[in-house]
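The values are calculated or read from the model by the stated rules, or taken from the named source; none is laboratory data. Here the structure is a predicted model, which means the values were calculated and not measured. Cβ placement follows ideal geometry from the backbone for every residue including glycine, while neighbour counts extend to all protein chains displayed.
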């Protein structure tokens, strides 16, 4: 599904974020990407959703090289990939329902379609009762659930979560991870970047460790060792 072939990423200042990455992530997997701050985790994720491009090598999505996708087609491509970040990036002047529906409005969904889709997503992430609250009225964990709901609204093939628990307490953070695991059971591929050892050890799924831009370990049912 997602394949890296000899991928190197060097930024304009000369910094090499990734070196000779070979990687395959299959449909339906749950993969944790681990490593210290600056190891290259976020750069690897950005290459998947085409925010960055390789300096050398190629990244493929469903056997198609991402770099050949024309800029005007990127919004359509990115509907295949839901993204969740450490900062929930919610619109402060819109309530929960509006934050999620906005992603549908920009692609031209009708009010009728929005009225059907949003409640279903709210139910999946278990925040139906928060639909008309604003971000400042939510806890950090609830805000991240809204962010995940927004990421799911186009029924993506892949959900990428870049340090989604970084601003949360351990209990709220584990709730977010459990939600991602539940989404994975529906068949959605989940890629989680984190430096939280306890979370990775409890997930007990595939772990890819990155250090200084290189994959140093790729292990099924792994633990956070780096």
So if I check each of 183, 203, 153, 148, which one is crowded, with 18+ Cβ neighbours inside 10 Å, over 21 Å from residue 42 (Cα atoms) and in contact with a strand residue (DSSP E or B) (Cβ under 7 Å, 6 or more places away or on another chain)? 183
Take region 184-200 and flag every residue that is in contact (Cβ under 8 Å) with a residue 24 or more places away in the chain and assigned to a loop (DSSP other than H, G, I, E, B). 187, 188, 195, 196
Among 36, 64, which is the only one that is on the phi < 0 side of the Ramachandran plot, exposed (fewer than 14 other Cβ atoms within 10 Å of the Cβ) and modelled with pLDDT under 95? 36
Would it be correct to say that residue 129 is more than 24 Å from residue 80 (Cβ to Cβ), assigned to a helix (DSSP H, G or I) and either at pLDDT 95 or above or more than 20 Å from the chain's Cα centre (by Cα) (or both)? yes
Scan region 39-57 for residues that are surrounded by fewer than 22 Cβ atoms within 10 Å (Cβ to Cβ) and in a loop (DSSP other than H, G, I, E, B) and report the count. 7
